[in-house]
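The values are calculated or read from the model by the stated rules, or taken from the named source; none is laboratory data. The structure presented is a predicted model; accordingly, all values stated were derived computationally and were not measured. Here Cβ is always computed from backbone atoms with ideal geometry, including for glycine, and neighbour counts include all displayed protein chains. Protein only, heavy atoms only, side chains kept; ligands, DNA and RNA dropped before computing areas. Shrake-Rupley method; radii C 1.70, N 1.55, O 1.52, S 1.80 Å.
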Amino acid sequence: MDHRSDGEGDLRRSPPLITVEEWVGSSPAKLSRTAIVTASDDSLSLRRSENRLHEVRRRIIEAFVPEGFPGSVTPDYLPFQIWDSLQGLSTYIRAMLSTQALLGAIGVGEKSATVIGATFQWFLRDFTGMLGGILFTFYQGSNLDSNAKMWRLVADFMNDLGMLMDLVSPLFPSALIAVVCLGSLSRSFTGVASGATRAALTQHFSLENNAADISAKEGSQETVATMVGMALGMVLAHVTRGNPLAVWMAFLSLTVFHMYANYKAVQCLSLTTLNNERSSILLQHFMVTGQVLSPQQVSAMEHILPVWASSWSSTSATILHTRIRLGIRVSHLKHPDMVKISGLAVSHYKKENYLLLERGRVVCVITHKLSTPNDILRSYIHALVLGSLVDKSKSVHMESRLWMEENYGVFISKLRSSGWATERLLSPAIVWRAYWSHSSLDEKEN
């Protein structure tokens, strides 16, 4: 006995004209089937492969991660974002405590306080922060790309310092304006450094030209962390109200966690760009073994803290780059130096758009005004080679030139095959260049 419905019978009698599968996902490697549509002459059949709960969950996730995740971003994206969200959460919780202290310091809630007085103090605080941001950008703006990890940590440390100034402001009523302005100045450095390094990291995470999507989703993640942090901060402020010891204990504990989370976040990053230190680590290893380290291996070896803060653990392999001076001013050279480079220009560096000059254990790089990014990268690698030979040979220019002729092309080729970006050297901006002519000994700075 046939128990099938009329529609099923019709579908059997009428063979399907077409069967179409519906898939979702922006990356071919990360697609999932959501439905199967079958059409015949007189009927249409739809069978869903995904239930409503899974669809809702997928849409919520899509609001916070880039399209095509995880295939559209680098492997270090997820661990970095987890630690970054945790440090952001602790920041917003502490912000409630520091803001509460600051508002109390400027007189909010006191009858003796005047509106114009509080307004002036707030204006002076903001004005100092704006001015500090401009000055910091002027002096360090070109260095932020080349040391994104370090400046990311420095930015958050300065933010912690700014919050600390706000928290201690009620303790120094006679110097309130100075303390508040110092806190604002500290946070202004944070804004510039954090924004610039975030842009550099977004480019690093992007694998499918999706930097805008990554930035937008990072904004969504930060918004959620902000809302949760503010809610927890209000609860904490209410619980610790009237108990200065509890406030300080909570603030210091969260600050320690904040710095730890920041350290773990930047430690997760495996940047593929070549800066001064990473170039030095790669070259030192290549000169010894003939092999190139991966970005993950170099990430574990490079300094996250500023060099002066970790110099106690430095070795000759990791501090070689600190002895290189890239793009020096020729007007600062003395007569013996000029005589020396006049000979070098027509011998070892006749075909190069740079000159190298060793002064003790320091190697100075004179950059030609027509140097390209490839020339600058080559000049820096050459300077590292020369610097590594200073204590081992008397003919450093000849030996370093021969090494470059024999090994530089192989070194760059192996870097590319290991995933390194070799288009340019991420270094502080080179603003001083020079022009020289082989037909005369005149040196003209341009």
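Step by step: first the residues of the stretch 322-343, then only those that are of a type in the set (Ser, Thr, Tyr) and over 29 Å from the mean Cα position of the chain (by Cα), then the one that is surrounded by the most Cβ atoms within 10 Å (Cβ to Cβ). Which residue is that? Applying the filter and picking the extreme gives SER342. Part of a loop (DSSP other than H, G, I, E, B), crowded, with 17+ Cβ neighbours inside 10 Å and touching a strand residue (DSSP E or B) at 6+ places or on another chain (Cβ under 6 Å): does that describe TYR349? For TYR349, the condition - part of a loop (DSSP other than H, G, I, E, B), crowded, with 17+ Cβ neighbours inside 10 Å and touching a strand residue (DSSP E or B) at 6+ places or on another chain (Cβ under 6 Å) - is met. Among the conditions (1) in contact with a strand residue (DSSP E or B) (Cβ under 7 Å, 6 or more places away or on another chain); (2) modelled with pLDDT of 95 or more, LYS369 misses just one, which is (2).
Which of the residues spanning the stretch 70-82 are hydrophobic (A, V, I, L, M, F, W, C) and either open to solvent by less than 60 Å² (accessible area, probe 1.4 Å) or more than 25 Å from ALA300 (Cβ to Cβ) (or both)? Selection gives VAL73, PHE80.
It is to be established whether one or more residues within the stretch 107-124 are part of a helix (DSSP H, G or I), modelled with pLDDT of 85 or more, touching a helix residue (DSSP H, G or I) at 6+ places or on another chain (Cβ under 9 Å) and open to solvent by 50 Å² or more (accessible area, probe 1.4 Å). No: zero hits.
Taken over the stretch 135-180, the criterion of being at pLDDT 90 or above and open to solvent by 60 Å² or more (accessible area, probe 1.4 Å) is satisfied by PHE157, LEU161. One residue stands out in the stretch 356-379 among those that are surrounded by 14 or more Cβ atoms within 10 Å (Cβ to Cβ) and of a type in the set (Gly, Ala, Ser): the one that is farthest from VAL396 (Cα to Cα), namely SER371.
The set of residues from the stretch 201-212 being modelled with pLDDT under 90 and either surrounded by 19 or more Cβ atoms within 10 Å (Cβ to Cβ) or among the charged types (D, E, K, R) (or both) comprises GLU208, ASN210. A residue that is modelled with pLDDT of 90 or more and more than 15 Å from ILE328 (Cα to Cα) occurs somewhere in the stretch 349-356. Residues that are outside any loop (DSSP other than H, G, I, E, B) and without any contact (Cβ under 8 Å) to a residue 40 or more places away in the chain within the stretch 389-402 comprise LEU389, VAL396, GLU399, LEU402, listed in sequence order. Within the stretch 229-249, the set of residues being over 33 Å from the mean Cα position of the chain (by Cα), closer than 18 Å to LEU171 by Cα and either without any contact (Cβ under 8 Å) to a residue 12 or more places away in the chain or open to solvent by 100 Å² or more (accessible area, probe 1.4 Å) (or both) comprises ARG241, GLY242, ASN243, PRO244, LEU245, ALA246.
Of the set (1) touching an Asp or Glu at 6+ places or on another chain (Cβ under 9 Å); (2) open to solvent by less than 40 Å² (accessible area, probe 1.4 Å); (3) over 18 Å from GLY88 (Cα atoms), all apply to ARG198 but (3).
Checking each residue in the stretch 29-75 for being of a type in the set (Asp, Glu) and within 33 Å of the chain's Cα centre (by Cα) picks out GLU62, GLU67. Residue count for the stretch 257-269 satisfying the condition of being open to solvent by 70 Å² or more (accessible area, probe 1.4 Å) and either assigned to a loop (DSSP other than H, G, I, E, B) or closer than 18 Å to TRP151 by Cα (or both): 3.
For MET338, the test of being in contact with an Asp or Glu (Cβ under 8 Å, 6 or more places away or on another chain), modelled with pLDDT under 95 and farther than 29 Å from SER294 by Cα is passed.
The sole residue among LEU425, LEU415, LEU386 that is open to solvent by less than 20 Å² (accessible area, probe 1.4 Å), outside any helix (DSSP H, G or I) and either touching a Phe, Trp or Tyr at 6+ places or on another chain (Cβ under 7 Å) or closer than 24 Å to THR289 by Cβ (or both) is LEU425.
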